[in-house]
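For reference, the structure is listed below as structure tokens.
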Amino acid sequence: MTNHAFQKLNRRRNPTVMRICTGAVLSAAFATSLALTFTSLAATVYNVGVAGEPAAIAEVHTFRKDPVRIVNSVGVTLGEKDLISVTPINGGENSDLVVYKSGKAAVDVDGEERLVETSGTVAKTIAESGITLDAGDTIDVDLSSLAYDGMEINIDRAYDVYVQDGDETYTYRTTGCKAGEAVYAVGLALGAEDELNVTADAELAEGDTVQVLRCSYEERTAEESIDFGTTVVEDSNLFEGQSRILSKGVCGTQEVLYRDKYLGTACVDSEPLRKTVTSEPINAVKAVGTRVFSVAGKVPISNLTLPEGFELDDNGVPADYEYYMDGVATAYYGGGITASGIPAAVGYVAVDPKVIPYGTKLWVASLDGQYVYGYAIAADTGGFVKGGWADMDLYMDTEAECWQFGIRGVRIYVL
């Protein structure tokens, strides 16, 4: 809410001075005497208005000195509790008569608007309305000014916010401020690298605390490891895609001098200043296979009908597959019904169904190239599953074939 100022009165405080001359030439002494006579006879000019109504201004030329009679002469009716403010009369200068009508003033306080009876000054009006002003509260009008009907008054209540600098906490009472303003108000200065825990323009609510984060630096020494690398060598005894570690790597050690940056008690950045190697790392040595896996010309054991479109490449392995894995296989015989309900026969193999689901189409050959089991289907569960020492059990026709196969490394292609 904004009070309407009585603005036009001051614009008329400098009346035009009029001089009246006769056609004859007057002597200097007579002219001075005449001027004094007219000055003494000149009427005082009053600007009469009502507070809050800047358009209701009347200019009165009169010899009267009684403000009430002057106000009545322009048709302004005075009530018993109305007040008149009179500016001093200084040697014929314009004077202002402002009528302050008694009535209701609107006070916006504590989130609500209250209508209060006007009673003299704003301070007196507020006090008699039962509204108390606490330390730090602000009011948008001068307390010593006169209250009038229709006046609008805003009161903002003060509240406490806090500024914490290390172990010190400062209290600042405000009706609304930003974090940076609160820090400045309690007399704290920030260094070039100091920061706040919030942005400087963050608005503070009642009870909020702004933390001053002082910047500081500390140096420390840390013992750290240095990662080792890997030296790769080729091994023709390993198939392509296979590898093994010939020797393990050993991490080195170094001493690092750090410069840590702190904001308050939190470390926000660490800059390494110097590194001193105390032991060099030793690389691991890894062998990778170069041997091409080939079983070209070998006759498969399985006589299951091959899937449509199935082809072998020049090395005698599937030309198209999803992936392959190398594992360990055994062999079994004896007939019966498989776990999936299919009669046991060459070409149906036992697997761990959690790894290779029943029904998965496979192609199997021994890594030594001596056996090509060929096209197979996962259909049974091997006894090895509980022990976890093998990956597949290949069904054979006879016990002798099983003994001859024994336990061998195999490459399993998942088609």
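No lab work stands behind these numbers, since they all come straight from the coordinates. As the structure is a computational prediction, the values presented were derived from the model and not from experiment. When we count neighbours, we look across all protein chains shown, and the Cβ atoms used for this are built from the backbone with ideal geometry, even at glycine.
Relative to its Kirkwood radius, the Cα radius of gyration of the range 283-402 gives an Rg/Rh of 0.99. Determine the sum of side-chain charges near Gly369: Lys and Arg each +1, Asp and Glu each -1, restricted to other residues whose C-beta is under 13 angstrom from that of Gly369. Net charge around Gly369: +3.
Expressed as a whole percent, the proportion of Cα-Cα pairs in the range 217-290 lying more than 20 Å apart is 53%.
Under a 5 Å amide H cut-off, with hydrogens placed 1.01 Å from N, Leu196 pairs with Leu213 among residues at least 5 apart or on other chains. Give me the base-10 log of I(q)/I(0) for the range 362-414 at each q in 0.27 Å⁻¹, Debye formula, one uniform scatterer per Cα, rounded to two decimals. Scattering profile of the range 362-414, log10 relative to I(0): -1.36.
Computed from Cα positions, the angle between helix 28-41 and the longest principal axis of the chain comes to roughly 70 degrees. Ranked by the mean number of other Cβ atoms within 10 Å per residue, highest first, peptides 405-411, 326-332 order as 326-332, 405-411. Computed FRET efficiency, Cβ-Cβ of Val250 and Ala202, R0 56 Å: what is it to the nearest 0.05? Step by step, r from the Cβ atoms, then E = 0.60. For the chain, the mean residue ellipticity at 222 nm estimated from helices alone is -3000 deg cm²/dmol, where every DSSP H run of n ≥ 4 contributes -39500 (n - 2.57) and the total is divided by all residues, rounded to the nearest 500. Rg/Rh for the chain (Cα atoms only, Rh after Kirkwood) is 1.54.
Label separation (Glu117 vs Leu133): 2.1 nm, computed from points 7 Å beyond Cα along the C-beta direction. When the chain is treated as a Gaussian network with alpha carbon springs shorter than 10 Å, the biggest mean-square fluctuation among Cys215, Cys402, Cys251 belongs to Cys402.
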